[in-house]
Amino acid sequence: MRGLFIFFGRGVLFMKPAGVVRKVDQLGRIVLPKSLRKRYQMNEGDPVEILVQGDHIILERYRPKCVFCGNMEDVSEFKERSICGQCLVEMNHIPRHA
């Protein structure tokens with residue numbers, strides 16, 4: 001089965017045909033219907049991650065993940081990398097060589 005799944009929050013919403021058909025433009029863009037954007041509180045400029053699973057395209061609200069452990073809680077940016085608080089604490093306990 002092929003399809004478009006949208007994941008925002010705790011589960012995958014399996015899209016049922018709603019009579020809405022969108023064409024892909026020359027740049028590969030599609031427009032999500034306003035009703036979906038409103039339902040999932042998507043605003044202009046919000047980051048969206050595009051994932052592929054088999055024959056499916058999944059749109060997911062982007063949340064930064066720790067580059068070391070993949071945690072999405074308590075994540076900060078350091079030199080354009082995402083690091084969680086726990087990994088930062090562990091890094092501070094690494095012995096430094098002179």
| remark: Scanning the stretch 61-98 for residues that are among the acidic types (Asp, Glu) and within 24 Å of residue 47 (Cβ to Cβ) gives 73, 74, 77, 80
| Across the stretch 47-70, what is the total count of residues that are modelled with pLDDT of 90 or more and farther than 30 Å from residue 89 by Cβ? | 0
| request: Assess whether residue 45 counts as being over 30 Å from residue 86 (Cα atoms) and not aromatic (Phe, Trp, Tyr). | output: no
| Could you list, in sequence order, the residues of the stretch 35-71 that are over 13 Å from the mean Cα position of the chain (by Cα) and among the hydrophobic types (A, V, I, L, M, F, W, C)? | 36, 66, 67, 68, 69
| field | Looking only at the stretch 56-98, and only at residues there that are among the aliphatic types (A, V, I, L, M) and exposed (fewer than 13 other Cβ atoms within 10 Å of the Cβ), the one that is nearest to residue 29 (Cα to Cα) | value | 72
| note | Residue set 88, 36, 27; condition in a helix (DSSP H, G or I) and at pLDDT 90 or above; output residue 88
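The values are calculated or read from the model by the stated rules, or taken from the named source; none is laboratory data. Since this is a predicted model, take the numbers as computed values, not measurements. With ideal geometry, Cβ positions are generated from the backbone for all residues, glycine too; neighbour counts draw on all protein chains shown.
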